[in-house]
Amino acid sequence: MVNVRVRTYPGLQQVLISFSHKHIMSLLLIHSPDGESNSASLHKCLCLLFFRVILRSRGRNYDTELQRCRPEAAPVEFGDYHPLKPIMVTDTKTRRGARKGSTSSSSSSSSSAPADPLSSMLDGTDPLSMFASEAPTISHSDLGRKRREKEEEAVGQDFEPWSSKRGEILARFTTTEKLSINLFMGSDKGKAPSPGSAVSEKVRTRLEELDDLEEGSQRELLNLSQQDYANRIEELNQSLKEAWASDQKVKALKIVIQCSKLLSDTSVIQFYPSKFVLITDILDTFGRLVYDRIWTMCSDPRPLPESFTVDDVNDTAKETCLNWFFKIASIRELLPRLYVEAAILKCNRFLNKSGIQETLPRLTAMIRGIGDPLVAAYTRAYLCRVGMEVAPQLKDSLNRNFFDLLGTFRQISGESVQNQLVQQRVEVPEYLTLYSPAINWILQCIAYRAPEPLLTEMMERCKKLGNNALLLNSVMRAFRPEFVAARATDFIGMIKDCDEAGFPKHLLFGSLGRSLACADPPESERLTILNEAWKVVTKVRSPQDYINCAEIWMEFTCRHFTKREVNTILADIIKHMTPDRAFEDAYPQLQSVIRKILTYLHDFSVLFAMERFLPFLDMFQKDSVRVEVCRSIMEVFIKHQVEHTRDPVILNAMLHICKTMHDSVNALTLEDEKRSLALLIIGFIRMVSFGRDFEQQLSFCVEARATFCNLEPVLVQVSQPHPFITIPSLSSIFSRLSLYLLSGQVALANQCLSQADAFLKAAVSILPEVPRSISVEGKLRSSESFLLDFINNFLATLLVVPDHPEHGVLYLVRGLLNMVQDYTWEDNSDAKVRVYVSALPLLAAMSQETYLYSIPKVDSNETLYGGDPKFLSEINKLSETLIGQILDHLKTLGRDESTRRQGALAFSLFGVLLAHGDLRNNKLSQLAINLWNLSHKHGYCETRVSVRTLEYIKHQALQPDMSHLTDTVQRLALQSRT
């Protein structure tokens, strides 16, 4: 803000000059009650009838006004006060015996405690307490759901649940071979018991129904694809729920038993892990239904507590629970009996305090009777999963299952398994990977919150088994990365001693690399670890296996080494993935490599200085993938590039990347995608600066304009050095208007007056081209509000624009108003007149001796004219014309009965007079009062705004030089709608 000195010129007595008596009389006739020109109306508008209107521009001291706007500092005595200190709330109690619906307070707060508005509103009653006192009824299903959620949290958030592994297993273990489902669903004929039959006969009947499972009808589905198989299993899951809901408990049990039998089928061995996932979903559903039913039986009449004991369970629930275990015990085959009992393991809580603790070892021992090692491994995995859910503290059962699993590894080399692999044409390494989900899960359960010495014990067991690669791989993935990283060198030695034929070493190094990506090994060992790992990785022949492992170790390299090592690995990746265009099948892994590099390398001068980085980008041949990679690079550049750059290495590389994104734009590209790409490219352009070397900056902008011609926002960004060429080529009319105005302002700031004049004239000349409606975010909207915003900005700029010596006084202001006059506005619109109202403050500001703002080294009209009377006379004439147009429009609105619009416009003009007029002039003061009355005549003016306006005038009247407003404010009355 500049210091200004203001005075009022004698010649500036008619900024708002006279208008004809005909105008005023017509206005009064319209607004007189019943259309009559009575004496009251004539007296009310006396100054409008017989005098020329004179708007005397009041003297403005902008610096003083600014000081008045600042809030006054009030001293605060802190004492015990603190803004974050809790408010003291005094409880109020309802008086006993008060009639219904009425309350009264029997206590009051002390004078030192601040009043709590909430307590007074609530009359002492806490709404949360009221809500809780209502004791809403909660259904058993809601209680069961909340109970299960609480139990799932028992193992902690850091334990990865089985549900997170389910999708990965289904996606990884697939097959193209045909599958089959064999179901022995038994006879559906029920045996009606004779009246008066004993309970023992009911039990015998149900046992006969279970025996019928193996003697009834057979249902076989053959030649199923993998998706068909999954759909059939899901149908069985739904059938289970429907049977349970219809109280056909025996049918539900039949479904579970038959599905469990399917887990003994390894005819398509590659699909077995996915089959296990699908069928155990049914077992989980069954176990949940049985437990919820028994728990509900115990919840009548009151819910069973979460930490209930056997003593809290009623006899009916115990009998039902025991009946379920008897039914399951009658299942003849081992595998379904194991699985179904494991599914309802949690129900032991209803029978015996130590039931789960006693059952887990028994079921663990029963698994030893399963002959197929793969089936036994997944059975142990399911038992461990259920055990972790119901009793995570019982680690002994987990350890026993794991040690039993280790004992079955010798079966893999046995004749039975080998014959099966030959028959199904499955190699041993592929077969061993089928064990991974089961072993990984069992080890995850064992390693959960386990002490570090347990890892040492596991490593010793691996050595005793001859460094079994499958086990070693699961150990590295199960234990905490910090434990593994601390023993990275030991693990590398164990990996070297593993048999390459049984389990590929690159998979072991991949698991080790995952741990090292999360935790750091000792600094002295890092280079040795990388060298040993890369010796194995670089020898992998399969491109897919190679890139899967290389992608993992790239993060370790970026975290701990320099660009030299990163560049070496990039070169090795290019060497392996280029032959036979193997990179086309590895785009996800290659993208992951890029993301990891960008995560750790933010210095783009270093990044682009690597010889192999740009050739690595060239492997992304697919358009969509290449654009996505370029986008990720640009996002990191914009986020981390803080300083402007002129580095030619960065500029050339980034221009290449931006051009790749730009060239992907075509006729089918969505507008959102274009906008997103344009913002990224603009972000790069804004970070390029050549300092005072304008020739270089201009050359860069010219190159950018030629390169990014398909994205209009980018053209806007680079158009500043040559706007006369670029701006007319833009399709958006408002983009052109804004850029012409912005270019004019930039030209003024650089003392280029002729260029500024040309830009502003160009903006005025295209105003007639503005359409009445434009498309905004795909919707057609009126352009009027956008045009008014632009014109107001334009008027604000004209204050500092000096007049051209050859074009007369205020020629730009006149040209703009002429365009506004000729523009085709919307019907029933006040926009044109609002422009006239907006122009009056500009004219008042131009009449000041010193302007509110100026541009250094640019002489505005305040300097050129120096308060010349002829200049002020031109301002007066232009103001007279505008006031005449405004009053004509007010008269028209009154004739058309558009009283709401008339009141709003009159209030706007009143605000202009109040802010810029010298209301010490009686005639001008009377005009302001009449406009106030006119705006409130029909009650459409918002009362809150009117009240605040009056308060502002009263506040201004307290200033020494504004005391004349005291009389004015007394004559301003509030009127409401009648």
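Data overview
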item	result
Residue check, GLU551 of a type outside the set (Phe, Trp, Tyr) and within 18 Å of ARG487 (Cα to Cα)	no
Long-range neighbours under 9 Å by Cβ, at least six apart or interchain, first residue closer than 12 Å to ASP372 by Cα and touching a residue at least 60 places away in the same chain (Cβ under 8 Å) within segment 411-430, second among the aliphatic types (A, V, I, L, M) and surrounded by 13 or more Cβ atoms within 10 Å (Cβ to Cβ)	GLN420/ILE269; GLN420/VAL426
All positions within segment 260-281 that are among the acidic types (Asp, Glu) and either buried (at least 23 other Cβ atoms within 10 Å of the Cβ) or under 36 Å from the mean Cα position of the chain (by Cα) (or both)	ASP281
Members of segment 574-593 found to be surrounded by 20 or more Cβ atoms within 10 Å (Cβ to Cβ) and within 35 Å of the chain's Cα centre (by Cα), listed by number	PHE583, ALA586, GLN589, LEU590, VAL593
Whichever residue in segment 464-486 is in contact with a helix residue (DSSP H, G or I) (Cβ under 7 Å, 6 or more places away or on another chain) and not aliphatic (A, V, I, L, M) and, among such residues, is nearest to ALA517 (Cα to Cα)	PRO481
Residue under evaluation LEU787, criteria (1) farther than 19 Å from ALA839 by Cα; (2) buried (at least 17 other Cβ atoms within 10 Å of the Cβ), criterion not met	(1)
Single match in PRO802, PRO771 (criterion: modelled with pLDDT of 90 or more, farther than 23 Å from GLU849 by Cα and in a loop (DSSP other than H, G, I, E, B))	PRO771
Residue in segment 557-564 that is free of Cβ contacts under 8 Å to residues at least 60 places away in the same chain and closer than 24 Å to SER436 by Cβ present	no
Given (1) of a type in the set (Asp, Glu); (2) in a loop (DSSP other than H, G, I, E, B); (3) over 28 Å from ARG541 (Cα atoms), number of the condition ASP499 does not satisfy	(3)
So ASP603, is it among the acidic types (Asp, Glu), more than 24 Å from PHE491 (Cβ to Cβ) and without any contact (Cβ under 8 Å) to a residue 24 or more places away in the chain	yes
Filter result (of a type outside the set (A, V, I, L, M, F, W, C), over 28 Å from the mean Cα position of the chain (by Cα) and not in a loop (DSSP other than H, G, I, E, B)) within segment 630-682	THR645, PRO648, ASN652, HIS656, LYS659, ASP663
Residue list for segment 745-768, restricted to those being closer than 15 Å to GLY815 by Cα and either crowded, with 16+ Cβ neighbours inside 10 Å or of a type in the set (A, V, I, L, M) (or both)	ASP757, ALA758, PHE759, LEU760, LYS761, ALA762, ALA763, VAL764, ILE766, LEU767
Residue that is nearest to the chain's Cα centre (by Cα), among those in segment 295-322 that are closer than 28 Å to ARG380 by Cβ and modelled with pLDDT of 90 or more	CYS321
Filtered residue count, segment 225-241, keeping only those that are of a type in the set (Gly, Ala, Ser) and within 37 Å of the chain's Cα centre (by Cα)	1
Residue match in segment 772-781 (condition: under 23 Å from ASN828 (Cβ atoms), surrounded by 15 or more Cβ atoms within 10 Å (Cβ to Cβ), in contact with a Ser or Thr (Cβ under 6 Å, 6 or more places away or on another chain) and not small (Gly, Ala, Ser))	yes
Test: residue in segment 360-377 that is small (Gly, Ala, Ser) and under 28 Å from GLU306 (Cβ atoms)	no
Residue within segment 919-936 that is in contact with a strand residue (DSSP E or B) (Cβ under 6 Å, 6 or more places away or on another chain), more than 30 Å from ASP827 (Cβ to Cβ) and not in a loop (DSSP other than H, G, I, E, B) present	yes
Which listed residue, of ALA317, ALA329, is surrounded by 14 or more Cβ atoms within 10 Å (Cβ to Cβ) and small (Gly, Ala, Ser)	ALA317
Filter pass, TYR851 being buried (at least 17 other Cβ atoms within 10 Å of the Cβ) and either on the phi > 0 side of the Ramachandran plot or assigned to a loop (DSSP other than H, G, I, E, B) (or both)	yes
Complete set of residues in segment 536-546 that are within 16 Å of LEU570 (Cα to Cα) and surrounded by fewer than 12 Cβ atoms within 10 Å (Cβ to Cβ)	LYS539
Conditions (1) in a helix (DSSP H, G or I); (2) farther than 30 Å from ASP490 by Cα; (3) polar (S, T, N, Q): number failed by GLN589	(2)
Boolean, LYS870 is basic (Lys, Arg) and touching a His at 6+ places or on another chain (Cβ under 9 Å)	no
LEU508 vs. criteria farther than 25 Å from TYR448 by Cα and either within 36 Å of the chain's Cα centre (by Cα) or among the aliphatic types (A, V, I, L, M) (or both)	no
Extreme residue, nearest to the chain's Cα centre (by Cα), among residues of segment 790-840 that are hydroxyl-bearing (Ser, Thr, Tyr) and exposed (fewer than 14 other Cβ atoms within 10 Å of the Cβ)	SER829
Qualifying residue in segment 599-612 (condition: crowded, with 17+ Cβ neighbours inside 10 Å, of a type in the set (Phe, Trp, Tyr) and part of a loop (DSSP other than H, G, I, E, B))	no
Output for segment 933-978, where each listed residue is touching a residue at least 40 places away in the same chain (Cβ under 8 Å) and of a type in the set (Lys, Arg)	LYS937, ARG971
Pairs where the first residue, in segment 164-187, is closer than 23 Å to LEU253 by Cβ and the second is among the polar types (S, T, N, Q) and modelled with pLDDT of 85 or more, C-beta under 6 Å, 6+ apart	LEU183/GLN258
Hey, ARG646 surrounded by fewer than 16 Cβ atoms within 10 Å (Cβ to Cβ), modelled with pLDDT of 90 or more, of a type in the set (Lys, Arg) and touching a Phe, Trp or Tyr at 6+ places or on another chain (Cβ under 6 Å) or not	yes
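Here's the yes/no breakdown for (1) among the hydroxyl-bearing types (Ser, Thr, Tyr); (2) under 30 Å from ASP580 (Cβ atoms); (3) surrounded by 21 or more Cβ atoms within 10 Å (Cβ to Cβ); (4) in contact with an Asp or Glu (Cβ under 7 Å, 6 or more places away or on another chain):
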{"site": "VAL484", "(1), (2), (3), (4)": "no, no, yes, no"}
{"site": "LEU512", "(1), (2), (3), (4)": "no, yes, yes, no"}
{"site": "LEU516", "(1), (2), (3), (4)": "no, no, yes, no"}
{"site": "ALA519", "(1), (2), (3), (4)": "no, no, no, yes"}
{"site": "THR528", "(1), (2), (3), (4)": "yes, no, no, no"}
{"site": "ALA533", "(1), (2), (3), (4)": "no, yes, yes, no"}
{"site": "ASN548", "(1), (2), (3), (4)": "no, yes, no, no"}
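The values are calculated or read from the model by the stated rules, or taken from the named source; none is laboratory data. Since we're looking at a predicted model, the values are computed, not measured. Neighbour counts run over all protein chains shown; Cβ positions are idealised from the backbone, glycine included.
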